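Right, one structure below, let's go through it.
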Amino acid sequence: MKTRMFILAVALAFAGATAAQTTLNVVTAGDQNMVDYVNNYLAPKFEAANPGVKVRAVGTGPGDAGSQKIYEKLSARQKAGNNEWDVDVAVIHQLASATMVKEKLLLPYRNDVSVGKLVSRDTAKNALGADVDGYVMPMFHSQIVFAYNPDLVKAPPKSFVELNDWVKKNPKQFGYNGVKGGMSGVGFVTGWVSAYSGMGDKLEKGPYDASAAPAIDKALSGLKEFNQYVVMTPGNAGTLDMLNRGEIAMGPVWVDMFYTWQADGRMSPKIKLVLPSPGLPGQPMYYVIPAKAAHAQLAKKFIELAESPEVQADGIIKQFNWYPGIDPQYVQPKLDQAAWNKLFTDISPADLSKYGRPFPLSPYFKDIVEGYERVVLK
Amino acid sequence: MTAPMGIFRGRGVALALIAPALAVVGLFFVAPLVMSGVVAFRGKGGEFTLEHFRKSFDYYTTDLLFTLAIVLLSTLLIGLVAIAIAGYLTLGGHPRTVAVLRWLYRWPLFIPFVVAGQLMRTFLAKNGMLNHVLIGSGLIEPLSAQSLLDWRGIVVAFVWKQAPFVTLLLAGAMAAVESQHIEAARNLGARRLRVLVDIVLPQVRGTLLVGLVLSFVTMLSVLSVPLMINPNSPTMVTVDVAYRISTHGDYPVANALCLLSLALAAIGAVFYLRHAAAQVEGK
């Protein structure tokens with residue numbers, strides 16, 4: 001009886017192995033464009049190079065909440081003592097990556113993949129103050145910058161101090177979306193606090209110190225005065241809309257949204273970008289591999305493809321207008337001059353590495369946005 | 001013996017019939033409400049606390065007042081617009097204009113709030129369609145054009161969206177008013193406006209009140225319009241609730257704010273119940 005069962009099991013196993021394809025499950029936080037990117041762009045390339053493999057991408061929704069869902073799923077698998085998790089590659093935000101590394105939900109893989117050496121930015125090692133070195137690779141970076149209308153602004157302010165003077169001479173010409181209308185406004189506020197509290201490094205690297213609150217509030221009270229001279233816009237897209245209609249002359253925007261709008265003809269091609277000193281925040285999305293991914297080897301191959309200079313050039317930069325996840329010097333040779341110029345005309349790679357900053361550590365972040373409601377809005 | 005059994009059976013059937021509806025109400029309305037109440041009053045360690053309400057008032061008193069003011073003003077304007085349109089539909093002397101108006105006024109009913117918000121965003125902007133038309137027709141100077149995307153934009157969107165709903169109810173009620181009353185007044189030389197105010201309106205007051213209360217409560221709960229038109233301070237409480245959850249993951253304060261808007265909605269409910277009770281007693 002036992003032998004017969006054994007033979008049956010072996011036969012079944014063989015049948016399964018030959019007939020069924022392997023499915024690589026990619027789960028991604030973020031908007032629908034992330035799922036589209038994996039399904040329409042990466043999957044066909046990967047499937048062509050790996051016969052018998054099928055890539056299946058699932059989205060979990062935008063923002064940190066999307067990453068939170070991925071965390072909850074993996075955490076549940078871990079607590080259930082499961083040894084084969086059905087997520088092979090995940091794409092997550094910084095905040096979740098810190099938690100997931102801490103709770104040992106991720107596999108350290110960067111040193112195992114050939115593209116691991118191509119990353120250069122600090123974000124590959126540090127996520128909002130948490131050490132994630134080895135566990136993550138940035139898929140792309142996005143950055144908040146000032147967009148301005150050169151017809152109305154001949155010499156754009158190069159720093160927050162210059163901006164403060166500029167709005168007083170040009171009232172109601174600068175617009176941003178507060179803290180409740182999307183991250184470009186939030187990023188502007190954290191950038192303001194970094195600039196005026198003089199604690200930029202501390203806010204980004206920690207350690208957290210609750211006694212910094214008065215300095216944050218002081219910087220915010222300056223912002224309250226600044227707000228008298230600016231226009232509040234309805235959301236990330238609202239700022240872009242108002243710029244395009246000429247209702248404001250300058251405002252903080254996400255670089256990738258800006259270029260996508262320009263490519264779609266929804267934004268005047270005249271509008272230009274500038275990244276002020278001491279900087280505005282940006283953030284990457286990370287490729288990670290869960291600690292017990294069912295197909296960890298395939299997952300590594302998938303990330304090798306996704307982080308290859310060719311894919312970063314054609315997919316990340318050319319099609320989606322994101323900044324590359326790996327060092328731009330490896331991407332430039334793979335890109336035609338026009339596409340390269342488009343992304344780096346207004347903001348050079350040097351400026352980007354100097355003034356492109358991370359968001360503050362999450363406790364500081366909370367202090368700043370809550371402080372904004374307390375100090376600025378009241 | 002058979003009679004009580006019959007009653008019992010009748011009751012059983014009745015209970016079985018309302019059970020699904022009751023279950024839906026209990027499961028999807030009462031239970032979340034109770035949970036919301038629990039979370040709003042529960043501290044980190046599970047103890048009873050008023051901390052979340054203190055924070056709500058500390059941060060959002062302006063927004064609560066702003067919400068109330070916006071919704072009250074919109075309700076008032078909706079009432080005026082609805083009376084004007086329904087009044088003309090009932091008393092209007094020009095059949096073709098009445099027909100066109102009847103066909104036209106219902107359109108916003110079929111447009112979702114989020115779409116109305118999006119329409120207003122481009123319509124009321126500083127360089128939007130409204131100002132273009134006003135400038136083009138020479139009514140205002142280009143320099144004096146200003147954006148209406150603040151509290152005014154929210155009010156415009158609400159009135160535009162809700163007035164047809166109240167008009168629909170009101171026009172129906174007005175059509176049911178005995179035409180002899182109107183004709184008698186007209187024969188005695190009353191002008192149309194006077195007929196509307198003194199003869200028709202008093203008879204449809206109840207319907208108007210119900211329509212306005214329902215609009216009041218609906219507008220309190222709209223997130224999309226304030227989010228799209230003016231999510232900055234001051235803004236409506238719905239935006240703050242969404243913000244507490246999506247940015248801070250702060251369900252306790254969000255729930256406290258929800259209970260506070262429930263208290264605002266209760267003002268409307270009191271009017272509604274009074275009217276309903278008066279009607280039952282009247283019968």
When the residues of region A:164-177 are filtered to those that are in contact (Cβ under 8 Å) with a residue 60 or more places away in the chain and outside any helix (DSSP H, G or I), which remaining residue is farthest from A:Val231 (Cα to Cα)? A:Asn170
Considering only region A:72-107, how many residues are more than 23 Å from A:Val35 (Cβ to Cβ) and in contact with a Leu (Cβ under 7 Å, 6 or more places away or on another chain)? 2
Checking the condition under 18 Å from A:Tyr176 (Cα atoms), in contact with a strand residue (DSSP E or B) (Cβ under 6 Å, 6 or more places away or on another chain) and away from chain B (no Cβ under 14 Å), which residue from A:Val288, A:Val230, A:Val274 passes? A:Val274
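Based on this model, can you work out whether B:Tyr272 counts as over 21 Å from the mean Cα position of the chain (by Cα) and of a type in the set (Phe, Trp, Tyr)?
no
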Just to be sure, is B:Thr49 of a type outside the set (Lys, Arg), in contact with a helix residue (DSSP H, G or I) (Cβ under 8 Å, 6 or more places away or on another chain) and within 21 Å of B:Thr218 (Cα to Cα)? no
What do you reckon, is B:Ser137 surrounded by fewer than 17 Cβ atoms within 10 Å (Cβ to Cβ), of a type in the set (Ser, Thr, Tyr) and either within 12 Å of chain A (Cβ to nearest Cβ) or without any contact (Cβ under 8 Å) to a residue 24 or more places away in the chain (or both)? yes
Tell me, which residue of region A:322-351 that is out of contact with any strand residue (DSSP E or B) (no Cβ under 9 Å at 6 or more places or on another chain) and not in a helix (DSSP H, G or I) is nearest to A:Gln283 (Cα to Cα)? A:Asp327
Which numbered condition B:Asp240 fails, given (1) more than 8 Å from every other protein chain (Cβ to nearest Cβ); (2) within 14 Å of B:Lys55 (Cα to Cα): (1)
Can you list residue pairs whose Cβ atoms sit under 8 Å apart, with the first residue in region B:110-127 being at the interface with chain A (Cβ under 9 Å from one of its Cβ atoms) and closer than 11 Å to B:Leu149 by Cβ and the second being part of a loop (DSSP other than H, G, I, E, B) and among the charged types (D, E, K, R)? Count only pairs 6 or more apart in sequence or on different chains. B:Ala125/A:Arg245; B:Ala125/A:Glu247; B:Lys126/A:Arg245; B:Lys126/A:Glu247
Quickly run through region B:140-168 and pick out the residues that are away from chain A (no Cβ under 14 Å) and of a type in the set (Phe, Trp, Tyr). B:Phe158, B:Trp160, B:Phe165
Considering only strands (runs of 3 or more DSSP E) fully contained in region A:49-163, which possess at least 2 residues that are aliphatic (A, V, I, L, M) and buried (at least 22 other Cβ atoms within 10 Å of the Cβ)? A:89-92, A:137-148
Identify the residue in region A:346-378 that is more than 14 Å from chain B (Cβ to nearest Cβ) and polar (S, T, N, Q) and, among all such residues, is farthest from B:Asp63 (Cα to Cα). A:Ser348
Quick check: anything in region A:148-159 under 30 Å from A:Leu105 (Cα atoms) and either among the basic types (Lys, Arg) or free of Cβ contacts under 8 Å to residues at least 40 places away in the same chain (or both)? no
Taking the condition at pLDDT below 95 and among the aliphatic types (A, V, I, L, M), does B:Val98 pass? yes
Considering only strands (runs of 3 or more DSSP E) wholly within region A:190-280, the ones with at least 2 residues that are surrounded by 22 or more Cβ atoms within 10 Å (Cβ to Cβ) and modelled with pLDDT of 95 or more are A:250-254
When region A:295-321 is checked residue by residue, the ones that are assigned to a loop (DSSP other than H, G, I, E, B) and surrounded by fewer than 22 Cβ atoms within 10 Å (Cβ to Cβ) are A:His295, A:Ser308, A:Phe320
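Determine which member of the set B:Ala190, B:Ala176 is at pLDDT 90 or above, away from chain A (no Cβ under 14 Å) and surrounded by fewer than 19 Cβ atoms within 10 Å (Cβ to Cβ).
Only one candidate qualifies: B:Ala176.
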Hand me the list of helices (runs of 4 or more DSSP H) wholly inside region B:202-283 holding 3 or more residues that are in contact with a Leu (Cβ under 6 Å, 6 or more places away or on another chain). B:237-248, B:251-282
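The values are calculated or read from the model by the stated rules, or taken from the named source; none is laboratory data. Keep in mind that this is a model prediction, so the values were computed, not measured. Every residue, glycine as well, gets a Cβ built from its backbone with ideal geometry; the counts of neighbours run over all protein chains shown.
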